[in-house]
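J.: I'd like to ask some things about the structure below.
The values are calculated or read from the model by the stated rules, or taken from the named source; none is laboratory data. What you see is a predicted model; the values in this text were computed from it and never measured. Neighbour counts run over all protein chains shown; Cβ positions are idealised from the backbone, glycine included.
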Amino acid sequence: MTRSASQSARPGRTVVLALGSNLGDRLLNLQRGVTFLCGSGLRCSAVSAVFQTAPVGGPEQGDFLNAVLLADSALPAAEILRRCQLAEAAAGRVRTVRWGPRTLDVDIIACGAEVSTDPQLTLPHPRAHERAFVLAPWLDVAPDARLPGWGSVADLLAAAPDRTGVRRLDGERLALAADQSVSDEQPEASAQCR
Ligand code: A4P
Ligand code: MG
């Protein structure tokens, strides 16, 4: 496996992305999201197991499938958010009501230790610390993970109000294509992260 000079010269930070779907073929939607994001230039390193989760907030709606994707990237967080939104659009996401059913939602949970209070891109994600549907898949893929400003993901999960509605699905898996795991970042997005 080869790594380009630009990759070794531009070390990134770990980016934690949370994916959720409760509309259409939920597993396929998650897989499409993973494939799109890793193919968009993020150097994906791991994807969690799939979790079935009871909906938190919003109107009455079906259960979600949730997963967490880890990537290494030097891209600015705003550019990563843009790619997340492109992945949602590619999966046919239509926004109607807040927290309503969706084919694919991709949130940035953390971008290294970056902190932002911008409503367009809040880092870490402002509700991640209290959501088992994010914390359980994150813990699955990174047992020692810490949420910047909040501490151990394992401790947060133990206290999350929705933890009883979260169930790991051992029969379902998401794939990271081998040739995507260390792909180069796209040339048009060459700006460095802060
Ligand atoms: N935004 C700000 N910070 C971020 C960030 N760190 N990552 C902005 C992603 N987006 C961020 O998002 C609304 C706005 O948040 C965007 O304009 C973006 O610039 P959206 O995806 O359009 O809408 P949303 O996801 O419905 O809104 P929101 O408030 O982000 O929802 P949440 O808090 O993510 O909750 N229950 C289960 N079981 N599983 C789920 O996956 N998801 C939600 C959505 C609710 N309940 C759920 C689940
Ligand atoms: Mg969202």
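J.: Scan segment 94-113 for residues that are within 16 Å of Gly62 (Cα to Cα) and touching a Lys or Arg at 6+ places or on another chain (Cβ under 6 Å) and jot them down.
T.: Of everything in segment 94-113, those that are within 16 Å of Gly62 (Cα to Cα) and touching a Lys or Arg at 6+ places or on another chain (Cβ under 6 Å) turn out to be Arg102, Thr103, Leu104.
J.: How do the pairs read when you match residues in segment 132-147 that are at pLDDT 95 or above and buried (at least 20 other Cβ atoms within 10 Å of the Cβ) with residues anywhere that are of a type in the set (Asp, Glu) and not in a helix (DSSP H, G or I), using Cβ under 9 Å and keeping only pairs 6 or more apart or on different chains?
T.: Pairs found: Ala132/Asp162; Phe133/Asp162; Val134/Asp107.
J.: Any residue in segment 79-94 that is on the phi > 0 side of the Ramachandran plot sitting within a Cβ distance under 9 Å of a residue that is part of a helix (DSSP H, G or I) and more than 10 Å from ligand 1 (Cβ to nearest atom)? List the pairs, counting only those 6 or more apart or interchain.
T.: Hits for this filter: Gly92/Asn29.
J.: Further, regarding this structure: Which residues, taken from segment 87-107, are outside any loop (DSSP other than H, G, I, E, B) and more than 8 Å from ligand 1 (Cβ to nearest atom)?
T.: Ala87, Ala89, Ala90
J.: Working carefully through the options Arg93, Arg82, find the one that is within 14 Å of ligand 2 (Cβ to nearest atom) and modelled with pLDDT under 95.
T.: Sole residue among the options that is within 14 Å of ligand 2 (Cβ to nearest atom) and modelled with pLDDT under 95: Arg93.
J.: Suppose the filter is within 24 Å of Leu27 (Cα to Cα) and out of contact with any strand residue (DSSP E or B) (no Cβ under 9 Å at 6 or more places or on another chain); does Gly151 pass it?
T.: no
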